[in-house]
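Worksheet: the structure to be examined is printed underneath.
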Amino acid sequence: MSNAPVYEIEHSRFTADPYPDLAAMRERAPIAYVPQLDATLITRRDDIAVNEKRTDVFSSEQPQGLMTQLMGENLMRKDGRAHMDERRAIYPSMSPQTVREVWAAQFRSDTDAVLDTLASTHRADLFWTYAMPTSGRALCAMTGLTNMDADEMNRVSQGMIDGCANYIGDPAVEAHCHDCTAAIDRSIDEQLPIVTANPDHSLLSVQLQAGLSDAQIRANVKLAISGGQNEPRDAIAGAIWALLTHPEQLALVLAGKVSWLQVFEEYARWISPIGMSPRRVAQTHTYEGVTFEPEDRVFLMFSSGNRDERHFDAPDRFDVTRDISGNLSFGAGPHYCAGAWASRELIAEVALPRFFERVVNPRLDGEVPFSGWAFRGPLALPCAWGGVRS
Ligand code: HEM
């Protein structure tokens, strides 16, 4: 175990709001061992950026890790050449060019179809009726699992995320995760002959075209589902809430004084959908006076780095005019989010502007609770509105 100073947390308080503890850690013990998580947390922005690149020390290979055990060994749990080969194989599905030329139009027509469904009412929970289906439809298209609908995509994604966070080994959570991965495998079985006959830009097809093995293809599709549904969903719902609770910020973007991309990136800095990424220590290493030992569990706290006072003035404030360069919302090293370009297009070019263009006078219509430290977002978004423009 590392000899990092110990910092104790109260787990339910940390889950309800991790930011006060993270600020205290940045101040008093920027690299701290947290017994309640049995991990050493790295909390300052520059320390995270430096160490995420040291894959020889902070490895993503976790053969005994829950994600590998439950979902198969995917590219996010590999380092070096093996990792880069699979990144290269999926790139044609997620590149800026493919996003622009293939997915942008799909995202727009799917999102408009979701907005059409809101025209028949004047209030609803937009977490479930806008953010979730908008994210789900995009992921069905990008993965190639067009035989799944958004509800099922959301169900299997959540089931796998719960399985990967099931550190207490709850058998019901594990069984549900297996049910979800089996459902994805059945969906892949149906789609494989179709994309073999008609190759396209989907994740399923480009991996097939690159000659990856069946196990690699399935593991990486499950990875994209586990990391590509909740994050856009939470960012869409969270950013709408942030703008409705900060009308002066909403006025700036509606007046074209700031871009929707600035709004999205500032939201993802302020409340990071992925707050943490785990690493396994591969060799003894000393950094800033802390010695890490092999097999230590280390958490790179992106959410904390995104509120590091050394980089962001008044970091706890939502400010769409601030300079967000240096943020860690999509990571900061070789595992930088492969879906970053697709997410920016979906959220900043489509989901947020189309919502505020088409929905008349949206306003909150109830409580919006937030939760989570490893993954963080709203749990609901009750809203009312005056109508939906066509
Ligand atoms: C708001 C949206 C999103 C956020 C904030 C986000 C954030 C992240 C972060 C922080 C990582 C790095 C993890 C690490 O360093 O270990 C990551 C990796 C990844 N993300 Fe995303 N993500 C988002 C959306 C998506 C989407 C839509 C997809 C797929 C369609 C996706 C696919 C991936 C993949 C495949 C990786 C692994 C990359 C690698 O290991 O080389 N993400 N994401």
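The values are calculated or read from the model by the stated rules, or taken from the named source; none is laboratory data. None of these values were measured; they are calculated from a predicted model. All Cβ positions, glycine included, derive from the backbone under ideal geometry; neighbour counts span all protein chains shown. Protein only, heavy atoms only, side chains kept; ligands, DNA and RNA dropped before computing areas. Shrake-Rupley method; radii C 1.70, N 1.55, O 1.52, S 1.80 Å.
Other residues lying with their Cβ under 15 Å from the Cβ of Pro273 contribute a combined charge of +1, Lys and Arg counting +1, Asp and Glu -1.
Here the accessible area of the range 1-79 is 52 percent carbon and sulfur, with a 1.4 angstrom probe and all protein chains present. A simple rule links phi to the HN-Hα coupling: the Karplus curve 6.51 cos²θ - 1.76 cosθ + 1.60 with θ = phi - 60°, which for the range 329-338 gives 4, 10, x, 8, x, x, 9, 3, 3, 6 Hz, with x for Gly and Pro. So, in Å, what gap is there between the alpha-carbon centers of the range 107-172 and the range 19-46? So the separation of the two Cα centres works out to 32 Å.
Would you mind putting 106-114, 62-70, 216-224 in packing order, based on average other-beta-carbon counts within 10 Å, highest first?
Result, highest mean first: 216-224, 106-114, 62-70.
Leaving ligands, DNA and RNA out of it, rank Thr196, Thr129, Thr43 by accessible area with a 1.4 Å probe, largest first.
Thr196, Thr129, Thr43
With an a/c value of 1.5 or above and a/b not larger than b/c for the gyration tensor axes a ≥ b ≥ c computed over the alpha-carbon atoms, the range 189-344 is described as oblate.
Overall shape: oblate for the chain, with the ratio a/c of the largest to smallest alpha carbon gyration tensor axis at 1.5 or above and b/c at least equal to a/b.
Looking at the square roots a ≥ b ≥ c of the eigenvalues of the Cα gyration tensor of the range 14-104, which shape do they give, rounded for a/c under 1.5, prolate if a/b is larger than b/c, or oblate? Prolate, because a/c is 1.5 or more and a/b exceeds b/c. Beta bridges per DSSP, both residues in the range 11-388: antiparallel share near 90 percent. For Asp214, neighbours were defined as the other residues whose beta-carbon sits under 12 Å from its Cβ, and their charges (Lys and Arg +1, Asp and Glu -1) total -1. Per residue, the accessible area of the chain comes to 40 Å² when a 1.4 Å probe rolls over the protein heavy atoms. Using a cut-off of 14 Å between beta-carbons, work out the net charge of the residues near Met132 (Lys and Arg +1, Asp and Glu -1, Met132 not included). Net charge in that neighbourhood comes out at -4. Of all lysines in the structure, the ones whose alpha carbon falls short of 28 Å from that of Lys53, not counting any fewer than 8 places away in one chain, are Lys78, Lys222. Note on Glu174 and His11: with the Förster distance fixed at 22 Å, the Cβ-Cβ geometry gives a FRET efficiency of about 0.60. Only one residue of Asn147, Ile168, Leu118 has its Cα farthest out toward the positive end of the dipole of the range 107-170, where Lys and Arg carry +1 and Asp and Glu -1 on Cβ, and that residue is Leu118.
Taking the Cα centre of the range 11-388 as the origin, how large is its charge dipole in debye, to the nearest 20, when only Lys and Arg (+1) and Asp and Glu (-1) carry charge on their Cβ atoms?
560
Using the Cα centre of the range 24-128 as origin and beta-carbon charges of +1 (Lys, Arg) and -1 (Asp, Glu), tell me which of Gly80, Phe107, Met94 is placed farthest towards the positive end of the dipole. After comparing all options, I get Gly80.
Using the Cα centre of the range 11-388 as origin and beta-carbon charges of +1 (Lys, Arg) and -1 (Asp, Glu), tell me which of Gly366, Trp241, Gln262 is placed farthest towards the positive end of the dipole. Of the listed residues, the answer is Gln262.
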